[in-house]
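Read the structure below first, then the notes.
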Amino acid sequence: MERLLSVAHEVIGRCHALAEFTEEPGHITRTFLSPPMRGVHAQVRQWMEAAGMSVRVDAAGNIRGVYAGQTSARLLIGSHLDTVPHAGAFDGILGVILGITLVESLGGRRLPFQIEVIGFSEEEGVKFGVPFIGSRAVIGDLDPALIERISPAIADFGLDPAQLAEARLDSDALGYLEFHIEQGPVLENLDCAVAVVEAIAGQSRFEIAFRGDANHAATPMLSRRDALAAAAEWISAVEREALAAEGLLATVGSIEVEPGAANVIAGVARASLDVRHGDDAIRAAAAGRLLGCAQTIAARRGVTVASKRHLDRPAVRMDAALVSPLERAVARAGHPVHRMTSGAGHDAMILAPIVPAAMLFVRSPGGVSHHPAETVLPEDVTAALQAGMSFLEELEARHA
Ligand code: HGY
Ligand code: MN
Ligand code: MN
């Protein structure tokens with residue numbers, strides 16, 4: 001236990017070490033294949049190779065370490081290495097480091113299956129408004145229009161977009177396991193270290209562009225077609241709608257204004273919209289209402305509005321054949337077994353239709369995430385490590 005706690009401290013130290021690779025000094029910001037991802041790859045590669053893995057970076061920028069096993073069957077363990085702007089050090093990163101640490105814990109012992117640890121290049125959707133680019137490449141789900149948009153970033157990083165097809169899984173995957181911080185207060189309120197995820201809520205994301213007329217700030221109020229004022233009215237309506245519907249989460253987290261000056265009426269206001277609900281039909285209906293509401297407000301104000309959908313992912317269930325052993329592993333590690341639904345999206349929701357998937361959440365102190373104050377407790381990381389090792393042992397016995 002003492003030894004595992006010191007390993008947990010090392011895991012946390014590694015997450016902090018990767019946080020040093022950032023686009024903005026003083027903050028943790030690392031978007032899809034931006035220059036600091038090179039430093040992350042160099043460091044992760046070193047840890048993976050030291051643990052006995054063969055490492056490659058695929059054309060989507062995912063770093064992948066394979067630990068050989070006695071057969072070609074393969075267990076995938078992964079999460080993402082990109083971040084939101086001004087992030088914490090653990091969202092995504094913790095899952096990659098825990099995967100490497102579990103392989104290290106084998107001390108060279110071979111299992112009846114291989115383990116591939118994947119650090120996905122893009123999950124947050126910051127750079128292109130489209131999330132899950134890394135995991136979508138791994139399941140071969142990138143459409144031609146998206147490939148065209150992301151290709152320059154791939155080439156700038158020194159990778160070859162023409163090789164994207166080689167990012168696809170090339171082996172029988174027996175499962176995908178993702179460790180992730182909870183990003184909410186549930187485990188803290190229950191005083192639980194970890195939870196087994198049973199489902200991940202669906203998400204829709206849109207870009208909404210209001211277009212009016214840019215003009216001088218001296219223009220009389222009634223002669224204006226102000227794109228930003230229209231967007232502001234709509235944002236308030238989005239919040240009202242979400243407050244009125246049980247379980248609905250709607251977020252306008254970003255807005256860009258053109259031309260963007262104090263003495264110029266905004267000609268364009270481009271906003272993001274993220275809609276989530278555990279029930280796909282309710283999410284779809286809510287998204288429709290919110291887009292309709294933008295049309296109504298725009299028409300009344302004499303501006304136009306256009307929307308582009310960047311994401312529409314249904315809720316997914318984790319695979320019972322992996323959830324049950326994960327629950328048993330948590331119990332054997334001496335922790336209460338709690339099941340929960342994830343409101344946040346994860347690479348596991350992309351892998352799940354192709355590969356049996358399971359997730360283990362680690363308590364987020366204060367429920368804080370997507371924020372520099374995001375953290376984890378060493379005792380909780382120890383619990384995740386114990387459960388992970390026990391999970392591997394059960395899979396080893398099953399596949400022996
Ligand atoms: O936005 C999400 O749900 C995740 O944090 N990427
Ligand atoms: Mn995130
Ligand atoms: Mn994440």
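The values are calculated or read from the model by the stated rules, or taken from the named source; none is laboratory data. No experiment lies behind these values; they were computed from the predicted model shown. Quick reminder, even Gly has a Cβ in these numbers, built from the backbone with ideal geometry, and neighbours come from all protein chains shown. We work out accessible area using only protein heavy atoms, side chains counted, and drop any ligands, DNA or RNA first. Shrake-Rupley method; radii C 1.70, N 1.55, O 1.52, S 1.80 Å.
Its Cα centre serving as origin, the range 202-313 has a Cβ charge dipole (Lys and Arg +1, Asp and Glu -1) of approximately 240 debye. The slack between residue 399 and residue 241, meaning 0.36 nm per residue of separation minus the straight C-alpha distance, is 51.9 nm. Averaging 1/r over every pair of different alpha carbons in the chain and inverting the result gives a Kirkwood radius of 22.1 Å. Taking 8 Å as the Cα distance limit and 6 or more residues as the minimum spacing, I'd like the relative contact order of the range 96-222 as a percentage. Over the range 96-222, the number comes to 15 percent. Dipole magnitude for the range 1-95: about 340 debye, using +1 per Lys or Arg Cβ and -1 per Asp or Glu Cβ, origin at the Cα centre. Just the protein heavy atoms count here, and of the accessible area of the chain at 1.4 Å, carbon and sulfur take up 53 percent. Charge tally around residue 215: other residues with Cβ under 15 Å, Lys/Arg +1 each, Asp/Glu -1 each, net +1. Measuring r between the beta carbons of residue 2 and residue 49 and using R0 = 25 Å, the FRET efficiency lands at 0.35.
Per residue, how many Å² of accessible area does the chain show with a 1.4 Å probe?
40 Å²
Candidates 250, 296, 235 compared by Cα position along the dipole of the range 202-313: farthest toward the positive end lies 296, with charges placed on Cβ. Put a plus charge on the Cβ of each Lys and Arg, a minus charge on the Cβ of each Asp and Glu, and nothing anywhere else: the dipole of the chain about its Cα centre is then about 640 debye. Projecting the Cα atoms of 284, 189, 356 onto the dipole axis of the chain, where Lys and Arg carry +1 and Asp and Glu carry -1 at the beta carbon, places 284 farthest toward the positive end. Annotation: residue 127 carries an accessible surface of approximately 90 Å², with a 1.4 Å probe and no ligand, DNA or RNA atoms counted.
Provide the net charge surrounding residue 248, with neighbours chosen by a C-beta distance below 12 Å and charges set as Lys +1, Arg +1, Asp -1, Glu -1. List each step's numbers first, then the result.
Values: positive: 240, 276, 283, 289; negative: 239, 241, 246, 274, 279.
It works out to a net charge of -1.
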